[in-house]
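To keep things clear, I will list the structure first and then write my remarks on it.
Coordinate-derived values only; no laboratory data. Quantities reported herein were computed from a predicted structural model and do not represent experimental measurements. With ideal geometry, Cβ positions are generated from the backbone for all residues, glycine too; neighbour counts draw on all protein chains shown.
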Amino acid sequence: MVLEVKEINTFYGLSHILFDVSLDVEEGGTVCLLGRNGVGKTTTLRSIMGLTPPRSGSVKFRGDELKGKQPYEICYAGVGFVPEDRIIFPDLTVRENLEIAVKKGQKVKNAGWTIEKVHRLFPVLQERGRQWGGTLSGGEQQMLTIARTLMGNPQLLLLDEPSEGLAPLVVRAIGEQILALKKEGMTILLSEQNSNFALKVSDRAYILEKGHVTWQGDFSELKRNPEIMKSYLGV
């Protein structure tokens, strides 16, 4: 098992956000956290990444405990995080945004992900290579954020709302790129409100409601039982 989250409880100040949340992600799998806005999907990813550390429970990555580690340590362990707000360096070029993500001591020539390989997945980033990051469209910034994370050669990729606020054509492109990552064998955990998008790219799902996991299973079961989606997601 690549990721094992067991009964984590996470707070923002005095506010209890996650209640005994448990989930797991197998090698090469794509798992989606589904739920309405504000149910705890982003907090779950931030808890795994150590940005909002859980007060109790366990987060294990390839058998090693992550709880208590700093985000940079978790990153170096092999977990990559693509935040919802697409934080890039607006005053650096697209290529510089990619180059700055290479981890210290990482041999770029022997790494799984290089700029050339990233360009094959995201051709538009090669076209925009000399353009300032801040001048990209929202969809291009999302691609750059994913590509920059890949430059660190993660073994587990956390994607927070990758389709949020994007035009349908861009959402389709992002979906195709996630499917291409699956073919590469990348292990992915993403959060999504867009259930149609999630159905196309994910193998399994956990549905969150008010900080609790209320349903879990294969997406094939969700397709066979649309009443589950209607009950928990209102779709």
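Karplus-based coupling profile of region 151-162, in residue order and whole Hz: 4, x, 6, x, 9, 9, 10, 9, 10, 9, 6, x, with θ = phi - 60° in 6.51 cos²θ - 1.76 cosθ + 1.60 and x standing for Gly or Pro.
Inverting the pair-averaged 1/r between distinct Cα atoms of region 121-211 gives 14.0 Å as its Kirkwood hydrodynamic radius. In sequence order, region 20-36 has phi-based couplings of 6, 6, 10, 7, 9, 10, 7, 4, x, x, 10, 10, 10, 8, 9, x, 5 Hz under the Karplus curve 6.51 cos²θ - 1.76 cosθ + 1.60, θ = phi - 60°, and Gly or Pro positions carry x.
With Cα atoms defining each centre, region 53-87 and region 163-235 are spaced 22 Å apart in the structure. Summed over qualifying helices (DSSP H, 4 residues or more, each -39500 (n - 2.57)) and divided by its residue number, the chain shows a 222 nm mean residue ellipticity of -10000 deg cm²/dmol. Around the amide H of residue 81, modelled in the peptide plane, lie the amide H atoms of 158, all under 5 Å away and 5 or more residues distant in sequence or on another chain. Dipole of region 83-154 computed with +1 at Lys/Arg Cβ and -1 at Asp/Glu Cβ about the Cα centre; of 134, 149, 83, farthest Cα towards the positive end is 149. This model, with +1 at the C-beta of Lys and Arg and -1 at the C-beta of Asp and Glu, gives region 83-154 a dipole about its Cα centre of some 400 debye.
What is the extension gain from residue 117 to residue 62, computed as 0.36 nm multiplied by their sequence separation minus the C-alpha to C-alpha distance, in nm to one decimal?
My answer for the length gained is 17.2 nm.
A Förster radius of 22 Å, combined with the Cβ-Cβ distance separating residue 27 from residue 180, puts the computed FRET efficiency at roughly 0.80.
With the alpha-carbon atoms of the chain aligned to their principal axes, the span from lowest to highest coordinate is 47, 38, 32 Å, starting with the largest. Here the label points at residue 223 and residue 36, each 7 Å from Cα along the C-beta direction, are separated by 2.7 nm in the simple model. In a simple Cβ point-charge model (Lys, Arg +1; Asp, Glu -1; nothing else charged), the chain has a dipole of about 380 debye relative to its Cα centre. With all pairs of different C-alpha atoms in the average, the Kirkwood value for the hydrodynamic radius of region 83-154 is 12.0 Å. The charge dipole of region 1-86, taken about its Cα centre with unit charges on the Cβ atoms of Lys, Arg (+1), Asp and Glu (-1) only, comes to about 260 debye.
What FRET efficiency would be calculated for the residue pair residue 16, residue 70, taking the C-beta separation as r and a Förster radius of 30 Å, to the nearest 0.05?
0.80
Selection among 37, 61, 50 by position relative to the dipole of region 18-66 gives 37 as farthest towards the positive end (Cβ unit charges, Cα centre).
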